[in-house]
Structure formats: C-alpha cells, structure tokens
Amino acid sequence: MQKALEKGAVHRRDEADPRWQANYDLIYAQLIAYQARIWEYGASLEAFIKNPSVVPLTKPPDLHLVHWNVAVRKETLTKESKPYIERAREVFELVMQNHPGTPWAARADGELTRGFGVDFQPEYHRPDRSPPGGVTVPIPKL
C-alpha cells in the first residue's frame, strides 16, 4: 500500500486543496507507523504466549474476565520496528509543521503521543442479567 501511495505522490504535489494534501500526508505517515505496529504486535503476541499475564477471572463486586484488549504503549520490543518508527516520526512531524492547527496535525500528534508498542489488557464485564434458567419474559405488546 505504501508503494501505491508513493506512486501517487505526483498527484499530491499537483493537488491544489491543502485538505487533500494533509490527508495524503497523514495516511502516508500512518502506513509507515502501522508497519512498525505490526512488528510490535507479533512480538507482543510471542512474549504473551511465552509468559502470559496472570489475572483473576473475576473481580469484585461481580465482574468477569471476558477478553483481552489490544492496547498501545510507548515501550517497544523489536529492533525491526525501529526504522519504521523513526520514519513515521519524521513524517508525522512534517504533517504537524505543514498543516498546523488542523485535524490532520492533531491526529499526527495523537499518533506520536500514543506510541508504537503493543500491550494486552484484560477487560472485565458484569454477567448477563437474564433470569436463572434462561427464561425470559416476553415484551408486552402496546
């Protein structure tokens, strides 16, 4: 996808509307950033499989572990992601410099702030409140 976007760079240069230029610039930076995050996701999965986090299946008052969320963090695990991170930082900073005060600049700042590493966090929910035995009361017709 990055190569396809790079082929279209001539169209970005010819674009008169700065909104579309900013959009192109941000997407390009995100493509590079997500290549780093792919490396980090794989490394985090591998680390989690080798040394899984131990968390309780339930938490007071009535919460139950339902799944693990994929979250971002600043800390990275791989050296393979470093060149992508460095390049993504450069391009995100260019977006902020070339399009100050725009939503694209704000998004670029947010992408840099959240980091490139990946983490897994447990998510807890309250159990279903259906009656015991699964018997449900029909909805009355009005």
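Data for the structure
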quantity: Conditions (1) more than 15 Å from the chain's Cα centre (by Cα); (2) part of a loop (DSSP other than H, G, I, E, B): number failed by residue 19; calculated: (2)
quantity: Pairs with Cβ under 7 Å, 6+ apart, first in the stretch 98-112 and more than 11 Å from residue 22 (Cβ to Cβ), second assigned to a helix (DSSP H, G or I) and basic (Lys, Arg); calculated: 112/89
quantity: Among residues of the stretch 91-102, those that are surrounded by 12 or more Cβ atoms within 10 Å (Cβ to Cβ) and in a helix (DSSP H, G or I), counted; calculated: 7
quantity: All positions within the stretch 34-55 that are part of a helix (DSSP H, G or I) and either exposed (fewer than 12 other Cβ atoms within 10 Å of the Cβ) or among the hydrophobic types (A, V, I, L, M, F, W, C) (or both); calculated: 36, 38, 39, 43, 45, 47, 48, 49, 50
quantity: Among the candidates 77, 26, 31, residue that is farther than 30 Å from residue 127 by Cα, in a loop (DSSP other than H, G, I, E, B) and aliphatic (A, V, I, L, M); calculated: 77
quantity: Out of 58, 78, sole residue that is within 27 Å of residue 32 (Cβ to Cβ) and either of a type in the set (Ser, Thr, Tyr) or in contact with a Leu (Cβ under 8 Å, 6 or more places away or on another chain) (or both); calculated: 78
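Where a number appears in this text, it was derived from the coordinates with a stated rule and is not lab data. Small disclaimer: the values here were computed from a predicted structure and weren't measured. Note that each Cβ is placed from the backbone with ideal geometry, even for glycine, and that neighbours are counted across all protein chains shown.
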